[in-house]
Amino acid sequence: EDIVKISRTLINTNIALRSDGTMIYGEITESNGSDRWIEGISEWNNIVDFELFYADGEAYGDGVGAVIGIKADGSLCVVSACYLYGEDGWPLSKFDTTNLYSVISKFSNIKTLSFSMTGTQNSNEVPFEIIALTKDGKIQSYKNGKFSESDATDICDVTAKFSLKTNGNIVDEDGKIIARDIVNIIAVSGGRSAVAITRTGTVYKCNWLWDEANTGFEASNIKANVYDEWTSRLD
C-alpha cells in the first residue's frame, strides 16, 4: 500500500518507494539471496525518488547494480553490488564502496538524476557515471573520475546522454537538437538508451544501445498518457 514508485524485477524481487519516504522490497530467501545487497534501503528515510541500475536487464546480472535514493533535502544515498571477476569468471572480491560514497557526497540539492555503471578490474575505481539536475537549475556530474557543475537553467530533465530543455527540445552532449515537442524523456536499458514522449503521447525510441553513433529517435506505435506534471516543466 501507499506505493508511489516501483522498480522492475531484480533477480527475484522488486524495490519500491512509499509515500512516507521509506523504501521496501519483497521477501529475500535462500533461493533468491542474490538480491540481498538491496537490504540497506530499508534504513533510508525522507526519500522522494530513486533510480536503479541493473546490468543487462537484471540487477547484478554481471555482478553490477546500484540503487541511488534522492532525499527531500537533495542529498543522495546509495547501495550497490559490484564484484571483481577473475579469468575463470568467478568473483574474486566485492567492490570497495568507500570511493562510491565519497562521490555521492559531492552531490547536493538534487532534483533528479540518471546514472550508469560498468564492471571494473580495479577496486580503487568508481565504476559509474552520474548526471544530475539540481533544484536551482544546475547540472552536477561525475564522469571519467571527475566531478563538475555547470549552469542549466533551461534544462528540466536529464539522462546519461541527453537533456530535455524547457522548450521541449532534446539535445545531446554537444547541444545538437535530437527531437522536438517532447514533454518527457526516460532512461532505459541501464541508462544506455532512452524513450521520449511528445505532447500528444507518441512514444519515440532511441536506438543507440548497440550503435553509439546512432543517436536518433524513431516513432513507435505506442501511445502514452501525458501528465500535467510533465507539461508544467516546459515553457
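The values are calculated or read from the model by the stated rules, or taken from the named source; none is laboratory data. What you are looking at is a predicted structure, and each value in this text was computed from that prediction instead of being measured. Ideal geometry is used to build each Cβ from the backbone, glycine not excepted, and the neighbour counts take in all protein chains shown. The protein model used for the area step is the full one, side chains on, heavy atoms only, and it has no ligands, DNA or RNA in it. Shrake-Rupley method; radii C 1.70, N 1.55, O 1.52, S 1.80 Å.
In table form, for the structure just shown:
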| item | result |
| --- | --- |
| Matching residues, the range 93-124, being modelled with pLDDT under 60, open to solvent by less than 60 Å² (accessible area, probe 1.4 Å) and either outside any loop (DSSP other than H, G, I, E, B) or small (Gly, Ala, Ser) (or both) | SER93, GLY119, SER123 |
| Selected residue (criterion: modelled with the highest pLDDT) from residues of the range 125-156 that are among the acidic types (Asp, Glu) and either on the phi > 0 side of the Ramachandran plot or part of a strand (DSSP E or B) (or both) | GLU149 |
| Sole residue being modelled with pLDDT of 90 or more and polar (S, T, N, Q), chosen from THR215, THR198 | THR198 |
| Within the range 180-194, tally of residues that are at pLDDT 90 or above and either in a loop (DSSP other than H, G, I, E, B) or of a type outside the set (S, T, N, Q) (or both) | 5 |
| Selection within the range 125-142 - over 17 Å from ALA194 (Cβ atoms), open to solvent by less than 90 Å² (accessible area, probe 1.4 Å) and under 18 Å from the mean Cα position of the chain (by Cα) | VAL126, PRO127, PHE128, THR134, LYS138, GLN140, TYR142 |
| Test set (1) over 18 Å from THR13 (Cα atoms); (2) crowded, with 20+ Cβ neighbours inside 10 Å; (3) at pLDDT 75 or above - ALA66 fails condition number | (1) |
| The range 171-198, residues that are over 22 Å from TYR142 (Cβ atoms) and either in contact with a strand residue (DSSP E or B) (Cβ under 9 Å, 6 or more places away or on another chain) or open to solvent by less than 10 Å² (accessible area, probe 1.4 Å) (or both) | ILE177, ILE178, ALA179, ARG180, ASP181, ILE182, VAL183, ASN184, VAL195, ALA196, ILE197, THR198 |
